[in-house]
Amino acid sequence: MVNQTLLKRLEKYQQFHQEIYLCKKDQHEKLVKNPPITDAVILTCSDPRVLPSLTFLSEPGDEFVDQTLGNIFTENTAIAIRTGIMLKDVRLVLVMGHSDCYAMRCCLTPERVDPILGLHSHIAWGAERALKKVQGINPCDRHKKRALKTITQENIIDQVLKARDCIQQLSRTAKRPEIAQDTLVVGLYYDLETGALLVYRDWTGRKPQWLNADRVLG
């Protein structure tokens with residue numbers, strides 16, 4: 001008996017092939033013959049509701065994407081960053097978290113998460129800053145949306161710092177100081193309900209802060 005979910009995926013593939021791929025056949029062939037300019041590495045959450053290619057209207061080849069639970073920096077992320085910088089001359093790394101993140105809920109209320117998932121060890125290993133922030137939140141408030149947003153943003157900042165460390169180490173190892181000087185690492189918080197995007201970075205030497213993307217664009 002064929003799995004119905006698999007059939008659904010294959011039907012969607014047929015639709016893609018007939019309505020999108022064949023219409024852009026030349027463009028897809030060029031992906032191999034003349035690789036496009038890749039201008040970013042994106043670390044984001046593996047939550048199926050988060051689609052960087054949709055959010056940024058990306059075309060094939062535009063970016064490297066590494067998706068992990070809770071957008072937590074891993075060795076695979078480091079490899080993606082090093083590959084993007086050394087082979088594609090990428091100079092932008094985005095760390096994108098989102099609202100209603102299940103992994104971050106685990107930070108706030110670990111007792112509600114089934115241990116069989118293995119999330120506790122994953123978060124304990126990679127989300128130190130978020131876990132530390134939880135200690136300052138009243139247990140009675142940890143179920144609130146504001147607490148979840150705070151923890152999620154703290155985690156994004158944590159992963160931004162790890163990405164920066166990775167880039168600095170690469171810069172030293174490759175003996176190319178321009179890598180650390182020119183590569184920008186930016187944190188993003190995406191609100192699933194409203195579609196709003198907040199951007200975190202050090203704005204012209206001032207204290208780092210979260211700004212709405214519309215404000216950044218001016």
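Each reported figure results from applying straightforward, stated rules to the coordinates on display, with no laboratory input. Being a predicted model, the structure only gives us computed values, none of them experimental. All Cβ positions, even for glycine, are placed from backbone atoms using ideal geometry, and neighbour counts span all protein chains on display.
Skipping prolines and chain starts, which residues have an amide H placed within reach, meaning under 5 Å, of the one on I42, given they are 5 or more residues away or on another chain? When sequence neighbours closer than 5 places are left aside, the close amide H contacts are F64, V65, D66, L94. For the residues D100, D66, D182, a GNM of the chain with alpha-carbon springs under 10 Å puts the largest fluctuation on D182. Taking the Cα centre of segment 27-108 as origin and assigning +1 to Lys and Arg Cβ atoms and -1 to Asp and Glu Cβ atoms, the resulting dipole is close to 80 debye. Considering only G187, G97, G126, the mean-square fluctuation computed in a Gaussian network model of the chain, springs between alpha carbons under 10 angstrom, is largest for G126.
Since only V95, L188, P208 are under comparison, the one whose Cα sits farthest along the positive direction of the charge dipole of the chain, derived from C-beta charges on Lys, Arg, Asp and Glu, is P208. In order along segment 170-186, phi translates into HN-Hα couplings of 4, 4, 5, 5, 7, 6, 10, x, 5, 4, 5, 6, 9, 8, 9, 10, 10 Hz, rounded to whole numbers, per the Karplus curve 6.51 cos²θ - 1.76 cosθ + 1.60 with θ = phi - 60° and x for Gly and Pro.
If the only charges are +1 at each Lys and Arg Cβ and -1 at each Asp and Glu Cβ, what is the size of the charge dipole of the chain around the Cα centre, to the nearest 20 debye?
Details: 30 positive and 26 negative charges, 87 e Å.
The dipole of the chain has a size of about 420 debye.
For segment 64-80, backbone phi angles converted through the Karplus equation (6.51, -1.76, 1.60; θ = phi - 60°) give residue-by-residue couplings of 7, 10, 10, 10, 9, 4, x, 6, 8, 4, 10, 4, 5, 4, 4, 5, 4 Hz, Gly and Pro being listed as x.
GNM on the chain, alpha-carbon springs under 10 angstrom: the most fluctuating residue among T83, T74, T55 is T55. Within the chain, antiparallel bridges make up roughly 30 percent of the DSSP beta bridges whose residues both belong there. Once backbone amide H atoms are built at 1.01 Å from N, L192 has S99 as its partners under 5 Å, excluding neighbours fewer than 5 places away on the same chain. Taking label points 7 Å from Cα along the Cα-to-Cβ direction, A196 and L161 give a separation of 2.6 nm. Each peptide among 147-154, 101-108, 28-35 gets the average number of other Cβ atoms lying within 10 Å of its residues, and from highest to lowest they stand as 101-108, 147-154, 28-35.
Here the simple spin-label model places points 7 Å from the Cα toward Cβ, and for D89 and S58 these points are separated by 2.0 nm. Rounded, prolate or oblate: which fits segment 85-211, taking a ≥ b ≥ c as square roots of the Cα gyration tensor eigenvalues, rounded meaning a/c under 1.5, else prolate when a/b beats b/c? In terms of gyration-tensor shape, prolate.
The slack in the chain from I37 to H143, taken as 0.36 nm per residue of separation less the alpha-carbon distance, amounts to 33.8 nm. Across segment 22-28, rounded Karplus estimates of 3J(HN,Hα) from the backbone phi angles (6.51 cos²θ - 1.76 cosθ + 1.60, θ = phi - 60°) give 5, 6, 10, 4, 4, 5, 5 Hz, Gly and Pro being marked x. The packing ranking of peptides 195-201, 210-216, highest mean first, is 195-201, 210-216, where packing means the average number of other beta carbon atoms within 10 angstrom of each residue.
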